[in-house]
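The next block holds one structure in the form of structure tokens; read it before the comments.
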Amino acid sequence: MRLIQFENRQGQRQVGVVNGERIEVLSDVHSTRALALAAIRARRSLAAQIENQARESGPLYCDLLDAGRVLPPLDHDDPAHCLISGTGLTHFGSASTRDKMHQQVEQEESKLTDSMQMFRWGMQGGRPQPGTIGAQPEWFYKGDGSIVVRPGADFPAPDFAEDYGEEPELTGLYVIGDDGLPYRLGFALGNEFSDHVVERKNYLYLAHSKLRFCSFGPELRVGELPAHLAGISRIRRGEQLLWEKEFLSGEENMCHSLENLEYHHFKYTQFLRPGDVHVHFFGTATLSFADGIKAQPGDRFEVSLDAFGEPLCNGISVRQPMITPGGVKQL
């Protein structure tokens with residue numbers, strides 16, 4: 001089962017099930033978050049809550065996409081209560097991709113890059129027995145809900161950006177229940193837009209490199225994640241296909257279990273505030289930057305995976321600065 005959030009012609013929010021050419025619109029439901037909270041309170045699964053809702057035939061899905069009326073499949077009406085985060089070095093092959101940016105000449109055990117050392121910890125302890133604690137992954141913060149752009153929209157890159165790099169990933173979508181516990185609704189395609197040139201300068205710049213806009217969707221896949229997933233990441237420049245490569249995900253292609261990654265995020269009590277939304281990027285091993293590709297404003301990214309329905313497409317535009325040196329005022 002796959003869900004979308006969208007705006008109708010009157011600009012009102014609605015939630016729909018993807019089932020053929022037309023969206024099946026859920027009656028009296030105006031957000032995925034509200035639907036999830038209703039399921040939690042009724043002690044039902046999300047799928048059962050959806051089946052319990054009345055629905056009616058709605059608009060053509062292709063028309064919604066063409067008109068830019070499809071929203072991220074989960075959000076919060078107050079963006080400050082939607083946290084965007086992620087984990088890196090989680091997939092087989094991700095360390096070699098990262099190590100190209102942080103490589104040292106000597107590769108003895110004592111001289112391993114931080115990336116390779118953390119990847120080894122994941123390989124050795126990232127898949128513990130269920131119910132036990134494994135190795136901590138790399139973790140990063142991207143921002144709150146204000147840095148999410150809807151499917152089809154451009155990433156507004158800052159004018160000081162040195163790179164416009166895509167990262168095709170899966171995201172886990174969560175709501176914190178009234179009981180203070182995290183509930184996973186399902187998964188969505190994501191593009192965790194980053195600045196790899198800044199990151200390459202020094203690993204301690206990783207935090208800066210992640211403070212960029214991102215996108216996920218257009219669909220939320222309800223339920224468990226298949227163990228093996230193979231998708232395609234593309235960059236188009238006008239009519240030209242600039243770059244294309246397969247990316248793999250699912251636990252068969254990961255050195256950390258999903259349970260371990262989720263535990264090491266939600267173990268922090270500040271992430272368990274009832275009603276909050278969390279969007280967590282699970283990482284990738286496939287970057288065009290590692291193949292020497294430099295995206296530019298006007299290019300279009302496309303992340304596709306059959307099990308997730310329609311592809312996630314986004315462009316790049318440059319945003320003018322809101323502040324200049326000396327722009328902080330003394331009160």
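Show the residue pairs that are 6+ apart or on different chains and have beta-carbon atoms under 7 Å apart, the first residue being within region 309-331 and under 30 Å from Val70 (Cβ atoms) and open to solvent by 100 Å² or more (accessible area, probe 1.4 Å), the second being assigned to a loop (DSSP other than H, G, I, E, B) and not hydrophobic (A, V, I, L, M, F, W, C).
Partner pairs satisfying both residue conditions: Gln320/Asp159.
Asp291 is checked against (1) touching a strand residue (DSSP E or B) at 6+ places or on another chain (Cβ under 9 Å); (2) modelled with pLDDT of 95 or more; (3) open to solvent by 50 Å² or more (accessible area, probe 1.4 Å); (4) not aliphatic (A, V, I, L, M) and fails just one. What number does that condition carry?
(2)
Out of (1) free of Cβ contacts under 8 Å to residues at least 60 places away in the same chain; (2) within 23 Å of Ile316 (Cα to Cα); (3) among the acidic types (Asp, Glu), the odd one out for Glu224 is which?
Just one mismatch for Glu224, condition (2).
Could you count how many residues in region 300-324 are in a loop (DSSP other than H, G, I, E, B), on the phi < 0 side of the Ramachandran plot and within 20 Å of the chain's Cα centre (by Cα)?
Number satisfying all stated conditions: 3.
Restricting attention to region 233-248, which residues are in a strand (DSSP E or B), open to solvent by 60 Å² or more (accessible area, probe 1.4 Å) and farther than 23 Å from Met123 by Cα?
Result: Arg236, Arg237, Gln240, Leu241, Glu244, Lys245.
Restricting the search to region 209-232, which residues are hydrophobic (A, V, I, L, M, F, W, C), more than 14 Å from the chain's Cα centre (by Cα) and in a strand (DSSP E or B)? First the steps, then the outcome.
Taking region 209-232 as the starting set, the residues that turn out to be hydrophobic (A, V, I, L, M, F, W, C) are 211, 213-214, 216, 220, 222, 225, 227, 229-230, 232.
The next check asks that each one be more than 14 Å from the chain's Cα centre (by Cα); those that pass are 222, 225, 227, 229-230, 232.
Of everything in region 209-232, those that are hydrophobic (A, V, I, L, M, F, W, C), more than 14 Å from the chain's Cα centre (by Cα) and in a strand (DSSP E or B) turn out to be Val222, Leu229, Ala230, Ile232.
In region 173-232, what count of residues is obtained for those that are surrounded by fewer than 18 Cβ atoms within 10 Å (Cβ to Cβ), in contact with a helix residue (DSSP H, G or I) (Cβ under 9 Å, 6 or more places away or on another chain) and polar (S, T, N, Q)?
Looking only at that region, the number is 0.
For region 285-331: of the residues being of a type in the set (Asp, Glu) and out of contact with any helix residue (DSSP H, G or I) (no Cβ under 7 Å at 6 or more places or on another chain), which is nearest to Gly152 (Cα to Cα)?
Glu302
Keeping to region 249-272, report how many residues are farther than 10 Å from Gly126 by Cβ, among the hydroxyl-bearing types (Ser, Thr, Tyr) and either in a helix (DSSP H, G or I) or in contact (Cβ under 8 Å) with a residue 24 or more places away in the chain (or both).
Total meeting the criteria: 3.
The values are calculated or read from the model by the stated rules, or taken from the named source; none is laboratory data. Quick caveat, the model's predicted, so the values are computed rather than measured. Using ideal geometry, Cβ is built from the backbone for each residue, glycine included, and neighbour counts are taken over all protein chains shown. These area figures cover heavy atoms from the full protein model, side chains too; ligands, DNA and RNA do not enter into them. Shrake-Rupley method; radii C 1.70, N 1.55, O 1.52, S 1.80 Å.
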